[in-house]
Every structure is written in C-alpha cells, then in structure tokens.
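Visitor: Here it is: the structure, laid out below.
The values are calculated or read from the model by the stated rules, or taken from the named source; none is laboratory data. Keep in mind the model is a prediction, meaning the values are calculated, not measured. Cβ atoms come from the backbone with ideal geometry, glycine included; neighbour counts cover every protein chain shown. Accessible surface areas use protein heavy atoms only, side chains included; no ligands, DNA or RNA. Shrake-Rupley method; radii C 1.70, N 1.55, O 1.52, S 1.80 Å.
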Amino acid sequence: MSKTEFENNYRLIDCGGGRRLEDFAGVITDRPAPMALWPKKLSTDIWQKATLRYDRDNKTWQGSTPSDWQLFIDNSVFCLETSSQSQVGVFPEQQENWRWLKEIISTAVNTDNEIRVLNTFAHTGGSTLAAALAGANVCHLDAAKSAVNRARDNAGASGIAGDRIRWIVDDAVKFMQREIKRGIFYDGIILDPPAFGRLGKNIWKLEKNLPELLDMTAALLSDKPLFVLLSCHPEGWNKNDLRDAVEKMLIPKLRNTKPGSADYFSLQINSSEGNSLPLGMCARLVF
C-alpha cells in the first residue's frame, strides 16, 4: 500500500469523567482528559474495550502497543509511542488546522517560488508535515530534542524530502530573537505555546510571555506574509480572550500589512458516537 492510499485511522470514541477514549490505529486508549468533567456518554462495556490505559496516579501505562505503531491523517504519518505525561505523539485536535495549512500553502505555492514557514513549539510536527507536504520550506522549532527526533521520524515516514525541513532544538523565544537579529523573515508563522512550561531555570507562563511572543511574530513576518496560526490551551480563557490578545498585541505591531481576515474559534475533536472534546482555542490570520 502506498502512502497516498492510507486512510485516516484515528477517532475519538467518547470522553467524560476526566477521561478520553480514543482509537489510535486500532489501539483503544483510555487516558486523562481533565477538561472532560461531564458524564461519559457511552456504556461501561464500551470503555472496558480499551487495551491501553494510563494510570494518572502512578504515571504509567497498562497494556502494550505494536512495535510499528503508526497513525495516518491526511497523508501524514505519525510514529506513535506512549510517554509518562499520558501523550502518544500526536495531537488530533489540530487536524482541521493541518488541512487549512495545506490549502492556504498549496494555493500560494502556485504563484510563488518559495513559501517559508516557522513552526514554533512544534512538538512532533503535525503542522510541519502539513506545511511541507503542501510545498513550503519549514523551520521546525521545539525545545525538546525527543520531540524533534520524533518529528523527524514522522517526516521520513511521510515521504518528505530531507531538505524541505530545517530542524532546530532550542528555546522558542531565544531562537526567534536571534532570527530577528539575523534579518530572517517568514511568510507563515505557527505558534502553539503551552499555558505553562519550564526549560532549565526559565519558566514560561502564557499570560506573562504572550506579548513578547507576539511582538517577535510581527517582527519575523515577511513583507508579503501569508498567515499566522496561533493555538493555545490556557485555563479560563475563551476565544474572545484570544481575540483580545491578538488584536491588542499582534495586529498593531504588523509593519506593512494588516490581515485580510481573522478567525477565532475553539478547538474540538468530534465524536460520532459519544461526547465531543474541546481542547483549547485558535486564531487564524490570513493576509
């Protein structure tokens, strides 16, 4: 079977009671979802079909996974592996953003010789894969070497040419500051900062650090930018809070152009059988 013949093999089955039940390529997984405070919709019998469960108290997984555990989403291939933080190496709530990236970049590639994209807090590379598959040259930036290595594996499994992506292990703020000094610009910038994070002695808090991040985003956009994609997951925020932040901290700092459209919405994974799962919020600016 060729890569282009792979069918998407992820689905959210149900969520509730602080848990989420998902199917990752045939592995039924029961893991935490702190935001899912409502009751589960599906029966206990359905939930008991999980073969892989995360114990939040002990931070351990119960069950086994295939040696070649791979997930396919829209021609992107994700090499999955469990972590002690209850992750498996892919963030399905971003699926619609990946499709949006492919559409906007592939359209622009038809009229431009090169589209340069910076993907910050890039994790295991879902947005990087989408942008590269659409024809962009991508700088993939994450502070965790393990995440960058997994993203490299995903790019290789997805058949992406080695020179299409530049891999950077670094603190996002420090790297962006250096790129500004170098006079490097990008046509598209993707940001998915955590609500809270720690790197050595440095502590990241979204409410404190977002203004600087958006300042640097404005400084790094090219004279003819294509897009900015910002997603985040702070507790207590809604899409209107995100709109206020972007309109006050980013748009006024843009040098030569203003966005032609700006959309703000909640990220959500839909389920055809059980409860759907909201997971943060997103802003899309198109120039």
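Visitor: Just how far, in whole angstrom, is the stretch 214-238 from the stretch 160-190 if you go by their alpha carbon centroids?
Guide: If you average the Cα positions of each part, the centres end up 14 Å apart.
Visitor: Then there is this: When the solvent-accessible surface of protein heavy atoms is calculated with a 1.4 angstrom probe, in what order do Val169, Val148 fall, highest first?
Guide: On the way: Val169 75, Val148 5 Å².
Most to least solvent-accessible, the answer reads Val169, Val148.
Visitor: Which whole-number percent gives the relative contact order of the stretch 1-159, counting Cα pairs below 8 Å spaced six or more residues apart?
Guide: On the way: 284 pairs, mean separation 26.5, N = 159.
Value for the stretch 1-159: 17 percent.
Visitor: Of all trypsin sites (Lys or Arg not before Pro) in the stretch 186-259, which ones are in loop regions per DSSP and have a Cβ with at most 14 other Cβ atoms within 10 Å? Kindly include the intermediate steps, with their values, before the conclusion.
Guide: On the way: sites: Arg198, Lys201, Lys205, Lys208, Lys239, Arg243, Lys248, Lys253, Arg255; in loops: Lys201, Arg255.
In loop regions of the stretch 186-259 (DSSP not H, G, I, E or B), the sparsely surrounded trypsin sites (Lys or Arg not before Pro) are Lys201, Arg255.
Visitor: Listed here are the pairs Lys224/Lys258; Lys205/Lys258; Lys224/Lys253; Lys59/Lys201; Lys174/Lys208; which of them are more than 18 Å apart at the Cα? Write down the numbers at each step before the final one.
Guide: Numbers: Lys224/Lys258 10 Å; Lys205/Lys258 27 Å; Lys224/Lys253 15 Å; Lys59/Lys201 24 Å; Lys174/Lys208 16 Å.
Going by Cα-Cα distance, Lys205/Lys258; Lys59/Lys201 fall outside the 18 Å limit.
Visitor: So how many Å³ per residue does the convex hull of the Cα atoms of the stretch 244-287 work out to? Walk me through the numbers on the way to the answer.
Guide: On the way: hull volume 3.0 nm³, N = 44.
Each residue corresponds to 67 Å³ of Cα convex hull volume.
Visitor: Moving to a separate point now. Bin width 5 Å, alpha-carbon pairs only: give the P(r) of the stretch 58-119 as whole percents, running from 0 to the bin holding the largest distance.
Guide: Reading the bins upward from 0: 3, 13, 19, 18, 15, 11, 9, 6, 3, 2, 0.
Visitor: For Rg and Dmax of the Cα atoms in Å, which listed value, [x] 20.1, 63; [y] 18.9, 58; [z] 21.3, 72, comes from the coordinates shown?
Guide: From the options [x] 20.1, 63; [y] 18.9, 58; [z] 21.3, 72, the structure gives [y].
Visitor: Accessible surface of Phe72 in the full protein assembly, 1.4 angstrom probe, to the nearest 10 Å²?
Guide: Accessible area, nearest 10 Å²: 30 Å².
Visitor: Starting at 0 and stepping by 10 Å, how many percent of the alpha carbon pairs of the stretch 28-139 end up in each bin?
Guide: With a bin width of 10 Å, the distribution comes to 12, 34, 29, 17, 7, 0.
Visitor: Something else now. Calculate, for Asp57 and Thr107, the FRET efficiency according to 1/(1 + (r/R0)^6) with r their C-beta to C-beta distance and R0 51 Å; round to the nearest 0.05. Before the final figure, lay out the partial values.
Guide: Working: r = 48 Å, r/R0 = 0.95.
Plugging the Cβ-Cβ distance into 1/(1 + (r/R0)^6) gives 0.60.
Visitor: Using only Cα atoms, find the angle between the long axis of helix 172-182 and the longest principal axis of the chain, and express it within 0 to 90 degrees, rounded to the nearest 10.
Guide: The answer is roughly 20 degrees.
Visitor: By accessible area of protein heavy atoms, probe 1.4 Å, what ranking do Met216, Met249 get, highest first?
Guide: Working: Met216 10, Met249 60 Å².
Listed by decreasing accessible area, they come as Met249, Met216.
Visitor: Counting only helical runs of four or more DSSP H residues, what would the 222 nm mean residue ellipticity of the chain come to if each run contributes -39,500 (n - 2.57) and the total is spread over all its residues? Intermediate results must be reported in sequence, preceding the final value.
Guide: On the way: 7 runs with 77 residues, N = 287.
Value at 222 nm, helices only: -8000 deg cm²/dmol.
Visitor: Express the accessible area of the chain per residue in Å², computed with a 1.4 Å probe while the remaining protein chains stay in the model.
Guide: Working: 13810 Å² over 287 residues.
Ligands and nucleic acids excluded, the figure is 48 Å² per residue.
Visitor: A further question on this structure: Please give the solvent-accessible surface of Ser64 in Å², to the nearest 10, using a probe radius of 1.4 Å with every protein chain present.
Guide: The accessible area comes out at roughly 90 Å².
Visitor: With a 1.4 Å probe and all protein chains left in place, how much of the accessible area of the chain comes from carbon and sulfur atoms, in whole percent? Mind showing how you got there, number by number?
Guide: Values: 6480 of 13810 Å².
Carbon-and-sulfur percentage of accessible area, whole number: 47.
Visitor: For the stretch 163-226, what number results from the quotient of the Cα radius of gyration and 2.2 N^0.38 Å?
Guide: On the way: Rg = 12.6 Å, N = 64, 2.2 N^0.38 = 10.7 Å.
After normalising by residue count via 2.2 N^0.38 Å, the value is 1.18.
Visitor: Could you please report the charge total around Leu191, scoring K, R as +1 and D, E as -1 over all other residues with beta-carbon less than 13 angstrom from its beta-carbon? Spell out each step's value before the answer.
Guide: Values: positive: Arg284; negative: Asp142, Asp192, Glu212, Asp215.
Result for the neighbourhood of Leu191: -3.
Visitor: Now for a separate question. If ligands, DNA and RNA are left out, what is the accessible area of Lys145 with a 1.4 Å probe, given in Å² to the nearest 10?
Guide: Its accessible surface works out to 140 Å², give or take rounding.
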